[in-house]
Amino acid sequence: VTTARVDPLAWLADAARSRTAAGLRRRLRPRELGDDVLDLAGNDYLGLSMHPAVIEAGVAALRAWGAGSTGSRLVTGTTSLHAELDAALAGFVGTEAALVCATGYAANLAAVTALSGPGSLIVSDAANHASLVDACRLSRARVAVVPHGDHDAVADALASRAEVRALVVTDTLFSVDGDVCDFAALHAVSRRYGAVLVGDEAHALGVVGTGRGVAATCGLAGEPDVVLTSSLSKSLGSQGGVVLGPAAVTAQLVDVGRTVIFDTGLAPAAVGAALAALSLLTADPGLATRARARAADVAAIVGVPRGPGTVVPVVLGDPDRAVAAQAALAEHGVRVGCFRPPSVPHGRSALRLSARANLTDADLDRLREAWQVAIPADRAAATAT
Ligand SMILES: Cc1ncc(COP(=O)(O)O)c(C=O)c1O
């Protein structure tokens, strides 16, 4: 070890240069108030984040309970409003219980780590969201990553295990490719081999079926061996996450869930806003239908097959091509997401457009015009890859 004084962070510049060469630099782009941009990048699938009733409920909760929840859910971070949201979410999805966490990411960490641990097996789909991947890593369980959607591989991993306890974890509606898992088949496999099925409904809540998500649409949300998680920051237009399932599961989370015990509870304003969004969704299941119909319109405009939810992926292959396409659309006033490794596998860089229930015909016309001008050359090349 040398005693010469060196900059211990000098390697960051080299790492950044390598990412630049690979087309993998990222930068933050602050949104400006009142900009005239058509947003097809956010996850506000029902357009509720700006709904007056949702905003009013957030403001009322903020005034009543203050800006922060003041402690972890276990200490002071459970207000009666949090308890109301727990019960409302469980009632809506059809589970025995629910426990709201600070984020969807924290909900996945809590659910997966508290239900596994050393001496157990987790079988995880290769396309799962990073928060499920990180939850698997933190769990100290043995993790078997199976090819995307391969239920035979799930069965093999479960059948050949030495561990008594096992979890199968999956996105129910995959966040980048927008496809839906065959939840009923996966549940049958999990049950046959005595495993608990954990489904992340972040992109399905508010969108699939009457908005209750994939598991509820299959009639499986209330099963004793099913645990669901979700974010409250997508269709509910707020912030936060939730774990839903049997009461024994939420009790386990209160006892040992690290992101329940060591993370401050969700801010009251977000709780109030999520409650209002949930009651709007409960009152109008047509919101989910409209979101899916708008997604079908967007898919038709960009020339890809319609999917089961609101996520419309356009795979362009090369990261530089995806970034250039995103920039070209931005120049025409349309904001879309751009996914590059490690968010997607190498060679699968993509634009990700997300539809909203409140997209107007004029919005769709605007997308059509921008797409025709900005994308044709890229698309032609992409479909060849
Ligand atoms: C599938 C999935 N799960 C979990 C999360 C994390 O949710 P949150 O943003 O509320 O932390 C996200 C996205 O952010 C997601 O796409």
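The values are calculated or read from the model by the stated rules, or taken from the named source; none is laboratory data. Bear in mind that the values here come from a model prediction, so they are computed numbers and not experimental data. Counting neighbours? That spans all protein chains shown, and the Cβs are built from the backbone with ideal geometry, glycine included. SASA here: full protein model, heavy atoms, side chains in, ligands and nucleic acids out. Shrake-Rupley method; radii C 1.70, N 1.55, O 1.52, S 1.80 Å.
See the values below:
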read-out	value
Residues of the stretch 1-36 that turn out to be open to solvent by 70 Å² or more (accessible area, probe 1.4 Å) and assigned to a loop (DSSP other than H, G, I, E, B), as a count	19
Pair list, Cβ < 8 Å and 6+ apart or interchain, from the stretch 142-168 residues that are closer than 11 Å to Ser190 by Cα to residues that are aromatic (Phe, Trp, Tyr) and open to solvent by 50 Å² or more (accessible area, probe 1.4 Å)	Ala155/Tyr193; Leu158/Tyr193; Ala159/Tyr193; Ala166/Tyr193
Single residue of the stretch 258-275 satisfying the filter (of a type outside the set (A, V, I, L, M, F, W, C), part of a helix (DSSP H, G or I) and within 16 Å of the ligand (Cβ to nearest atom)) that is least open to solvent (accessible area, probe 1.4 Å)	Thr259
Positions within the stretch 232-257 being open to solvent by 10 Å² or more (accessible area, probe 1.4 Å) and within 15 Å of the ligand (Cβ to nearest atom), in sequence order	Ser233, Lys234, Gly237, Ser238, Gln239
Close pairs (8 angstrom Cβ cut-off, 6 or more residues apart or separate chains): of a type in the set (Ser, Thr, Tyr) in the stretch 75-94, assigned to a loop (DSSP other than H, G, I, E, B) and open to solvent by 40 Å² or more (accessible area, probe 1.4 Å) anywhere	Thr76/Thr70
Given (1) more than 10 Å from the ligand (Cβ to nearest atom); (2) surrounded by 24 or more Cβ atoms within 10 Å (Cβ to Cβ); (3) under 19 Å from Ser231 (Cβ atoms), index of the condition Val133 fails	(2)
Count of residues meeting criterion [open to solvent by 70 Å² or more (accessible area, probe 1.4 Å), more than 22 Å from Ser233 (Cβ to Cβ) and assigned to a loop (DSSP other than H, G, I, E, B)] in the stretch 324-368	4
Residue in the stretch 104-124 that is open to solvent by 50 Å² or more (accessible area, probe 1.4 Å) and either in a strand (DSSP E or B) or closer than 20 Å to Pro308 by Cβ (or both) present	no
For Glu56: the one exception among (1) out of contact with any helix residue (DSSP H, G or I) (no Cβ under 8 Å at 6 or more places or on another chain); (2) at pLDDT 95 or above; (3) open to solvent by 60 Å² or more (accessible area, probe 1.4 Å)	(1)
Ser72 vs. criteria open to solvent by less than 20 Å² (accessible area, probe 1.4 Å) and polar (S, T, N, Q)	yes
Count of residues meeting criterion [in a loop (DSSP other than H, G, I, E, B) and either in contact with a strand residue (DSSP E or B) (Cβ under 8 Å, 6 or more places away or on another chain) or surrounded by 15 or more Cβ atoms within 10 Å (Cβ to Cβ) (or both)] in the stretch 276-291	1
Residue match in the stretch 151-161 (condition: away from the ligand (no atom under 15 Å from the Cβ), under 23 Å from the mean Cα position of the chain (by Cα) and open to solvent by 20 Å² or more (accessible area, probe 1.4 Å))	yes
Any chance Asp44 is free of Cβ contacts under 8 Å to residues at least 60 places away in the same chain and charged (D, E, K, R)	no
Answer from Ala221, Ala202, Ala216 - the residue that is away from the ligand (no atom under 16 Å from the Cβ), part of a loop (DSSP other than H, G, I, E, B) and crowded, with 20+ Cβ neighbours inside 10 Å	Ala221
